[in-house]
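Chemist: There's a structure below that I have some questions on.
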Amino acid sequence: SLIIELNGMLRRLNEAFEEQKRFVSDVSHELRIPITIIQGYVDIIQTWGKDDEKLLVESLDSISAETSNMKFLVEKLLLLQTLGSGNYNFDLEKIDVNLYLQKAIFETKLLTQQHEIIGELSELTAFVLTDRSLLSQAIRSIVDNSIKYTNAGGSIRIGSRYNTHKVFISIKDSGCGIPKEYIQRVKERFFRVDSARNKNTGGSGLGLSIVNACIMALGGELVINSELGKGSEFIIVLPRYNFIKF
Ligand code: ADP
């Protein structure tokens, strides 16, 4: 039994090591692109930009945009790291789910005029004990994706339902959907379904990995149902407040 334990430990260590290696290589890859672009613009300024004001302004704007991208990327990575290491400082409060979602539905309507936003809240409300800012970050990211991956004229439904122990918050779109084989992978860091399909939507492939880390840190689970060409549903499952035992 000692050998089995030792083998198990070595396997877990090896997996952690491989994961760390993959992470470092992903991060280097993601940072290399903006750094190369910035370097390119600096070269342009040095060669022609000093005498060409239009070129100078354009180059400086692009450098500024790339620097902001890098800043957001590093902030996202730090959040992932903090959530993963269990060092996040939670600010827990009791939240009325329907009241909270009514606001989320209202805000989503402000974000897009090209999609139909439909509220499908359950008749009675329920409560969760949670960190408002983490939950909002997760819901915004999912909604943001629904807007990105659903053509104009499509719909986004935001709904709630409950059972005795759990609260289900659902965000369902009528967008392009995710191929079956990738549904689980979209939660991975830097994973994007296919770069051709995504080339106009921007994004780093970190959004859903952060959503997943937020929901897990809140003691919940992120469930994804999707069908290619028909749409996707993201369900945030959280423990219902009345049934949390202290
Ligand atoms: P990104 O920054 O690329 O949007 P995410 O982690 O948020 O990164 O999402 C990972 C990938 O999952 C996206 O690149 C996209 O291919 C797919 N995806 C996420 N949300 C949706 C959605 N609502 N509909 C279709 N595909 C989606």
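Chemist: For segment 87-111, give me the residue count where each residue is among the polar types (S, T, N, Q) and touching a residue at least 40 places away in the same chain (Cβ under 8 Å).
Modeler: Within segment 87-111, the first condition is being among the polar types (S, T, N, Q), and the residues that meet it are 87, 89, 98, 102, 108.
Those still in the list that are touching a residue at least 40 places away in the same chain (Cβ under 8 Å) too: 98, 108.
Looking only at that region, the number is 2.
Chemist: Checking the structure you have, find out if any residue of segment 82-89 is out of contact with any Lys or Arg (no Cβ under 7 Å at 6 or more places or on another chain), closer than 23 Å to ASN145 by Cα and surrounded by 10 or more Cβ atoms within 10 Å (Cβ to Cβ). So that I can check it myself, show each step before the final result.
Modeler: Narrowing segment 82-89 to residues out of contact with any Lys or Arg (no Cβ under 7 Å at 6 or more places or on another chain): 82-89.
If we keep only those that are closer than 23 Å to ASN145 by Cα as well, we get 83-84.
Within this subset, residues satisfying the condition of being surrounded by 10 or more Cβ atoms within 10 Å (Cβ to Cβ) are 83-84.
Scanning segment 82-89, I find at least one residue that is out of contact with any Lys or Arg (no Cβ under 7 Å at 6 or more places or on another chain), closer than 23 Å to ASN145 by Cα and surrounded by 10 or more Cβ atoms within 10 Å (Cβ to Cβ), so the answer is yes.
Chemist: Which of the residues spanning segment 143-188 are more than 7 Å from the ligand (Cβ to nearest atom) and hydrophobic (A, V, I, L, M, F, W, C)?
Modeler: VAL143, ILE147, ALA152, ILE156, ILE158, VAL167, PHE168, ILE169, ILE171, ILE183
Chemist: Which residue, of GLU93, GLU30, GLU19, GLU75, is touching a Phe, Trp or Tyr at 6+ places or on another chain (Cβ under 7 Å) and either surrounded by 15 or more Cβ atoms within 10 Å (Cβ to Cβ) or not hydroxyl-bearing (Ser, Thr, Tyr) (or both)?
Modeler: Answer to the check: GLU30.
Only the coordinates and a few stated rules stand behind these numbers; no lab work does. Source: prediction; values computed, not measured. Don't worry about glycine lacking a Cβ; one is built from the backbone with ideal geometry, like all the others, and counts go over all protein chains shown.
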